[in-house]
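Visitor: I have a structure I would like to understand better, so I am pasting it below and will then ask my questions one at a time.
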Amino acid sequence: MFKLSILIPSRNELFLKNTIDSILNNIEADTEIIVICDGQWPIEGIPDNPRLTIIHHNESIGQRAAINEAARYSQAKYVMKMDAHCAVSKGFDRILLEDMQDDYTMVPLMKNLYGFDWVCKQCGNRRYQGPTPISCPNCGNTKEFERDIIWKGKNSPNSTSYCFDSDPHFQYFGEFKKRKEGQGDLTETMSLQGSCWMLTRDKYFELGVCDESFGSWGSQGIEVALKTWLSGGRVICNKKTWYAHLFRTQGGDFSFPYPLSNKQVQKAKKGIRDLFFNNRWDRQILPMFWLLERFWPVPGWTEEELEKIKKVPLRSTINNNSLNKSIIFYTDNKLKLKIAHCVQRQLNTIHLPIVSASLKPMPHFGDKNIYVKKKHGYLTMFYQILVALEASESDIIFFCEHDVLYHPSHFDFIPEKKNVFYYNQNVYHLNSDNGKSVFYYANRTSQLCAYKNLLIDHYTNRIKIIEKNGFSYRMGFEPGTHNRKEKIDNYTCSSWLSEFPNIDIRHGNNLTKSKWSVNDFRNKPRFFKQCDCIPYWGETAKLIKTFL
Amino acid sequence: MEKIYAGTTNLEIIIDMQQDISNATVHEVIVLKDGEESVWDAEVYESNCLRFLYTSELVEGTYYLHPNLTINDWSGLANPVTFRVYPKWG
C-alpha cells in the first residue's frame, strides 16, 4: 500500500504527461499518482508505470468531483491534490512526509513554472510561453510554431504565504514573510493557492475539503484552508521543498481548462462567505475571527470588518439546534428547588444546547432530557454524564452541575487541544445560608470543558473500571488531574480563567466537602481568599437574598 | 497590543485597573499558565495601573493574569486578563 497518493484532476490538459514525468522522476517515497481524466483521454501518451493509475470519464464530472473520486480510490495515509500542469523538486514527497502531522494541511513552497517556449519553425525565433502566436515578430510567419518544453521552476518568485480578502478573493501575503512567524522552514499560512496541498486521507473525508456544492471548482484553496484552520488544524508551508505551477492567465488557448463563468465564481465565493464568515460550517470549532486575529493585520480586511465578524456567533447549519459547543447537565434531583430553579434559569440565558441527564424526568429543561432510572450514587452520576455526552451533538462540551451559577463568559472558552481536559478556575464558593464566600484555585468537575470524544473515552473507561473493581476515592473525580496509579487514563489537564467568575453554591448537601478556611485543606492552597463581594455578581449577602 | 512570541524576555506588562489603586498595600498578580499557578509582584504605576517586568522567557500559550489587591479595608481579586504567547516557527 502506498503512503502518499497524488491526485490529479485533468481536463483538456496539454501538459499532463510533463506533470506525471516530473513527479515520477522526482519521487523518493512510497508514492503513487491517481489521475482522473475528466471528459477526455490524455492528449499525449502517458507512461506505463506501476505507480500510476488513470481513471477516465467520457463526460466531465467537474474538478471537485474528480478529486473526490481519486481520493476514494486511494488507500494511502496521505493524499496530495496537484494540478495537471506542475513540476516538482527532487524528493518533494519524502521531504513533505518527514514533516507531516495529522492535523496539518501542508503545501510546498510554490514557484512559477517555466513550461515552454514557442519556437518559430521558419526562423527559430523563441518566445516565452503564452497563447499560440499569431505571427512571428522576426520573420512574419503566421502558421508554423512549435512548443519547446522547458518544464522547470523559475528562481523567483518563491511564494510561501497566502490569504484571502473579505470578498473572499485569493491574495498573496508577502507582508507575512517579514514577520517573526513568517521565518523558518515551516511557517503557517492563512490560505492556499489551491494547485497543490496535502493532508491525511482521513482528514480529507472528515472535513470534506472538496464540497461539490460550491461548484466544479473555484475558491478551492480558501475552502481547504478554512476547513483546516476552523476545525482546529494548521495550514503549513514547507519551504524545504518546492513545486512549480504553470500560470495560464493570458487567455486564448493558454487559459483555464475548466469553463468557469463569473456567475460560477461568485457562487463559490458566496458559498464560502455564507458558510464560514457566518460560522455555520458543522465541523467548525473555531470562529472565523479567530483565524483573522491569528494573522492580523490581513490584507483586504479592515478593522471594522474584523469587529463585525467578531459579533457572529459560532453555530452550525446542519441542524439549527446543534451548536459546536453544548452543555451537559446532570442532577440527582435532590437539590432544594429554589437553588435548582435559579441555576436552570441562569443556564437558559446562555443559549447553548443543553442535554440533561436526571434521576427524575425533566421535560421542561434543556433541549434533550435523559431520564436515568438508577439509584443516586457515584457510578450513577458517571453513567448520567456518559449518556448525556453520547446524546450531545457538539464537539466541545461544558459540564454544568445543578448547584453552580455559570457566568456567560465561562462558555466563551475554546479548548486548544483535543486530548486535554480544561478547568475554569475562576470560581467562588458561596454559602447559601450565610452568604460567606471564598476563592481558591482548584480543578472542579463542574468547571470542566473538553472535546466530546475525549470525555466519552474517559467516562467509558471510568465506568468499566468501577463496574469491575468498585469505586475508589483514589481514582479521583476530576479527569486528568492526578498521576496516582488509580488514574483512569494518561490524559492531562490545564486550566483557564473566564472573564467573570462562576459561583459554586454550597448548600449542605454537596458531593464534595466545603472548605471555608485554609485549615480545611489537606494540601494547603497557595492562595485562599475570603470575601463578601464577588466580581460581576455583587455583594454575597444581597446575592443569596436575590438569587437563593 | 503587539503579538508576543515564545522566547521573549523582559516583557513589561501594564494592567489598567480603571480606578485609583495608589493606596494598595497588596498589589500582586496571580498567574495561571498550563494549569500552574505563580505569583508576580507588581508595582502601582501612574495611580491606576499595575506594572511588572517579566524577565524570564515566555513560553507558548495563554497566560491568565488575576490581579490581587488590598486597598484600605477592601481585599479581593479583580477580573482576570489574558495574553497569548505565539510559537516561534523554524
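The values are calculated or read from the model by the stated rules, or taken from the named source; none is laboratory data. Owing to the predicted nature of the structure, the values given are computational and were not obtained by experimental measurement. Every residue, glycine among them, receives a Cβ derived from its backbone with ideal geometry; neighbour counts consider all protein chains shown.
Visitor: Residues to consider are A:Leu199, A:Leu226; find the one that is touching a helix residue (DSSP H, G or I) at 6+ places or on another chain (Cβ under 9 Å) and either under 16 Å from A:Phe164 (Cβ atoms) or free of Cβ contacts under 8 Å to residues at least 24 places away in the same chain (or both).
Guide: Details: A:Leu199 fails: either under 16 Å from A:Phe164 (Cβ atoms) or free of Cβ contacts under 8 Å to residues at least 24 places away in the same chain (or both).
Step by step, each of A:Leu199, A:Leu226 is checked, and only A:Leu226 is touching a helix residue (DSSP H, G or I) at 6+ places or on another chain (Cβ under 9 Å) and either under 16 Å from A:Phe164 (Cβ atoms) or free of Cβ contacts under 8 Å to residues at least 24 places away in the same chain (or both).
Visitor: To continue, here is another question. Residues in region A:461-480: is at least one touching a residue at least 60 places away in the same chain (Cβ under 8 Å) and on the phi > 0 side of the Ramachandran plot?
Guide: Among the residues of region A:461-480, at least one is touching a residue at least 60 places away in the same chain (Cβ under 8 Å) and on the phi > 0 side of the Ramachandran plot, which makes the answer yes.
Visitor: When you check B:Tyr54 against the structure, is it at the interface with chain A (Cβ under 7 Å from one of its Cβ atoms) and more than 24 Å from A:Gln530 (Cα to Cα), yes or no?
Guide: Details: at the interface with chain A (Cβ under 7 Å from one of its Cβ atoms): no; more than 24 Å from A:Gln530 (Cα to Cα): yes.
No.
Visitor: Return the pair list, or none, for Cβ contacts closer than 7 Å from residues in region B:55-77 that are in a strand (DSSP E or B) to residues that are at pLDDT below 90 and among the basic types (Lys, Arg), at least 6 apart or on different chains.
Guide: Going by the 7 Å Cβ cut-off, the qualifying pairs are B:Thr62/B:Arg84.
Visitor: Same structure again: Which of the residues spanning region A:5-36 are under 23 Å from A:Gln129 (Cβ atoms) and part of a strand (DSSP E or B)?
Guide: Passing the criteria: A:Ile8, A:Pro9, A:Ser10, A:Val35.
Each row is one residue, and each column tells you yes or no for (1) touching a strand residue (DSSP E or B) at 6+ places or on another chain (Cβ under 7 Å); (2) away from every other protein chain (no Cβ under 14 Å); (3) at pLDDT 90 or above; (4) surrounded by 14 or more Cβ atoms within 10 Å (Cβ to Cβ).
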| site | (1), (2), (3), (4) |
| --- | --- |
| A:Trp496 | yes, no, yes, yes |
| A:Ser517 | no, yes, yes, no |
| A:Asp520 | no, yes, yes, no |
| A:Lys529 | yes, no, yes, yes |
| A:Thr546 | no, yes, no, no |
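Visitor: Let me ask something else about it. Let me spell it out: the conditions are (1) among the basic types (Lys, Arg); (2) part of a strand (DSSP E or B); (3) within 45 Å of the chain's Cα centre (by Cα), and A:Lys90 meets all of them except one. Which number is the exception?
Guide: All conditions are met except number (2).
Visitor: Grab the strands (runs of 3 or more DSSP E) fully contained in region A:384-489, keeping just those with 3 or more residues being touching a Leu at 6+ places or on another chain (Cβ under 8 Å).
Guide: Once the strands (runs of 3 or more DSSP E) in region A:384-489 are filtered for at least 3 residues that are touching a Leu at 6+ places or on another chain (Cβ under 8 Å), what remains is A:396-401, A:420-424.
Visitor: While we're here: Among the candidates A:Ile61, A:Ile46, A:Ile55, which residue alone is surrounded by fewer than 19 Cβ atoms within 10 Å (Cβ to Cβ), closer than 23 Å to A:Val265 by Cβ and in contact with a strand residue (DSSP E or B) (Cβ under 8 Å, 6 or more places away or on another chain)? Break it down stepwise before answering.
Guide: Numbers: A:Ile46 fails: closer than 23 Å to A:Val265 by Cβ; A:Ile55 fails: closer than 23 Å to A:Val265 by Cβ.
Going through A:Ile61, A:Ile46, A:Ile55 in turn, the sole match is A:Ile61.
Visitor: So which of A:Phe173, A:Phe214, A:Phe164, A:Phe205 ends up being in contact (Cβ under 8 Å) with a residue 60 or more places away in the chain, of a type in the set (A, V, I, L, M, F, W, C) and either buried (at least 23 other Cβ atoms within 10 Å of the Cβ) or on the phi > 0 side of the Ramachandran plot (or both)?
Guide: Numbers: A:Phe173 fails: either buried (at least 23 other Cβ atoms within 10 Å of the Cβ) or on the phi > 0 side of the Ramachandran plot (or both); A:Phe214 fails: either buried (at least 23 other Cβ atoms within 10 Å of the Cβ) or on the phi > 0 side of the Ramachandran plot (or both); A:Phe205 fails: either buried (at least 23 other Cβ atoms within 10 Å of the Cβ) or on the phi > 0 side of the Ramachandran plot (or both).
Being in contact (Cβ under 8 Å) with a residue 60 or more places away in the chain, of a type in the set (A, V, I, L, M, F, W, C) and either buried (at least 23 other Cβ atoms within 10 Å of the Cβ) or on the phi > 0 side of the Ramachandran plot (or both) holds for just one of A:Phe173, A:Phe214, A:Phe164, A:Phe205, which is A:Phe164.
Visitor: Can you run down the residue pairs with Cβ atoms below 6 Å, 6 or more apart or on separate chains, where the first is in region A:302-324 and over 17 Å from A:Ile397 (Cα atoms) and the partner is modelled with pLDDT of 90 or more and of a type in the set (A, V, I, L, M, F, W, C)?
Guide: A:Leu306/A:Leu292; A:Ile309/A:Met288; A:Ile309/A:Phe289; A:Lys310/A:Phe289
Visitor: Out of the residues in region A:282-313 that are in contact with a Phe, Trp or Tyr (Cβ under 6 Å, 6 or more places away or on another chain) and not assigned by TED's automatic domain parsing to the domain that holds A:Cys163, state the one that is modelled with the highest pLDDT.
Guide: Taking the candidates together, the pick is A:Ile309.
Visitor: I need every pair where a residue in region A:71-97 that is outside the structural domain of A:Asn158 (by TED's automatic domain parsing) has its Cβ under 7 Å from the Cβ of a residue that is of a type in the set (A, V, I, L, M, F, W, C) and outside any helix (DSSP H, G or I), sequence separation at least 6 or different chains.
Guide: As it stands, the answer is none, since no pair meets every condition given.
Visitor: Something else: Check whether at least one residue in region B:2-24 is assigned to a strand (DSSP E or B), among the hydroxyl-bearing types (Ser, Thr, Tyr) and either under 12 Å from the mean Cα position of the chain (by Cα) or more than 14 Å from chain A (Cβ to nearest Cβ) (or both), and report yes or no.
Guide: Looking for residues that are assigned to a strand (DSSP E or B), among the hydroxyl-bearing types (Ser, Thr, Tyr) and either under 12 Å from the mean Cα position of the chain (by Cα) or more than 14 Å from chain A (Cβ to nearest Cβ) (or both), one finds none in region B:2-24, hence no.
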